[in-house]
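Remarks on the structure that follows.
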Amino acid sequence: MPGFVLQALTRRDKGPTRVGFTVTKKVGKAVVRNRTRRRLKEAARLVLRERPLAGIDLVFIGKAETRSRPFALLLEDVRNALNRLGLT
């Protein structure tokens, strides 16, 4: 996705989805990284509320494009990434 990288791992249990977020120093200094992480967290929260998942671990990796991408497009990126992984 243009706004981030999404990694998924299916677990053997049916527990709640665990979600992790990471943004490297390549994206910017701490303030920029934290803003990028907060945008990813909110986008993931809104989309996962629409379609709850179970038994899976997700890791969102922020990129430089994450902070400048319009939020509506970021939401669409999360939906598309979940669809491409077959997690609908």
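None of the figures in this text is laboratory data; all of them are computed from the coordinates on show. Quick caveat: nothing in here was measured; it's all calculated off a predicted structure. A quick note on method: Cβ atoms are made from the backbone with ideal geometry, for glycine too, and the neighbour counts reach across all protein chains shown.
A few comments on the model shown:
- Residue check: residue 9 meets all listed conditions (1) among the hydrophobic types (A, V, I, L, M, F, W, C); (2) surrounded by 16 or more Cβ atoms within 10 Å (Cβ to Cβ); (3) in contact with an Asp or Glu (Cβ under 7 Å, 6 or more places away or on another chain) but one, namely (2).
- Within region 1-37, considering residues that are among the polar types (S, T, N, Q) and closer than 21 Å to residue 86 by Cα, the one farthest from the chain's Cα centre (by Cα): 10
Results for (1) of a type outside the set (S, T, N, Q); (2) touching a residue at least 40 places away in the same chain (Cβ under 8 Å); (3) touching a Pro at 6+ places or on another chain (Cβ under 8 Å), shown as yes or no for each residue.
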residue: 13; (1), (2), (3): yes, yes, no
residue: 17; (1), (2), (3): no, yes, yes
residue: 23; (1), (2), (3): yes, yes, no
residue: 41; (1), (2), (3): yes, no, no
residue: 48; (1), (2), (3): yes, no, no
residue: 55; (1), (2), (3): yes, yes, no
residue: 65; (1), (2), (3): yes, yes, yes
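- Whichever residue in region 38-88 is part of a strand (DSSP E or B) and surrounded by fewer than 20 Cβ atoms within 10 Å (Cβ to Cβ) and, among such residues, is farthest from the chain's Cα centre (by Cα): 54
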